[in-house]
Amino acid sequence: MNEESSLLALERRMIGHGAAVVVVGLVAGFGLLFALLEQIAIWPIPALDVQLPGSVRGWQSAHVGGLLNGVMVVAFALTLRRLQLAERTARWVALGFIYTAWANTVFYWFGNFAPNRGLSGGDTVHGEATAAGLIAYLPAATATVVTIACALAVTRAAFAAR
């Protein structure tokens, strides 16, 4: 496979993952709706008096954060072929942004089920550590480093481009 078709394949892969993360973010909008209503209710279906775990703020983050992370991956996908990145670096950047979007999605969702909001692997001022908190925290903590490294690689390539 030549470099152009390889970059096109990476671009398509990123767009696909970005779109999937947007879909998950849209689904989180139901969590936001149910948290705001304090019940599971979609008119005209009878409401269920069940409260979702998490908070309005947590579901808002899952909804908006999912949308923004998906759009971020698509935006970087559309810049990939314009940058003069080595094929190996382009692949690393693409996979890094895909990982970031899914890691953040896991953080937003599982943070809603964690007393400590997934902000640490241990207890915090918000609550105790649980398995849900650890599942939220670990991918997001590693994604922080990956995201910064990928963004720096893109920044460098953009300013170095002739």
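Remarks
- Among the protein heavy atoms of segment 10-154, carbon and sulfur supply 68% of the accessible surface, probe 1.4 Å, non-protein parts ignored.
- When Cα extents along the principal axes in Å is computed from the coordinates, the matching label among [x] 43, 33, 27; [y] 59, 40, 26; [z] 54, 37, 30 is [y].
- Tilt relative to the chain, helix 131-160 - C-alpha long axis, 0 to 90 degrees, to 10: 30
- Alpha carbon centroid spacing (whole Å) that separates segment 51-93 from segment 129-155: 12
- Helix-only mean residue ellipticity at 222 nm for the chain, each DSSP H run of n ≥ 4 adding -39500 (n - 2.57), per residue, nearest 500: -25500 deg cm²/dmol
- The listed peptides 20-29, 151-160, ordered by packing as a protection proxy, come out as 20-29, 151-160 (highest mean of other Cβ atoms within 10 Å first).
- Accessible surface ranking that places the most exposed of Ile45, Ile40, Ile135 first, with a 1.4 angstrom probe: Ile45, Ile135, Ile40
- Here the peptides 117-124, 50-57 are ranked by packing, the mean other Cβ count within 10 Å, and the order with the highest first is 117-124, 50-57.
- Restriction of the trypsin sites (Lys or Arg not before Pro) in segment 82-116 to DSSP coil positions whose beta-carbon has at most 14 other beta-carbons within 10 angstrom yields Arg82.
- Per residue accessible area of the chain, 1.4 Å probe, in Å²: 58
- About the Cα centre, charge dipole magnitude for segment 1-133 (Lys/Arg +1, Asp/Glu -1 at Cβ), debye: 380
- Among Leu83, Cys150, Leu67 the positive-end extreme of the charge dipole of the chain (Cβ point charges): Leu83
The values are calculated or read from the model by the stated rules, or taken from the named source; none is laboratory data. The model shown is predicted, which means the values in this text are computed figures rather than measured ones. So basically every Cβ, Gly included, is an ideal-geometry build from the backbone, and we count neighbours across all protein chains shown. For accessibility, only protein heavy atoms count, side chains too; no ligands or nucleic acids. Shrake-Rupley method; radii C 1.70, N 1.55, O 1.52, S 1.80 Å.
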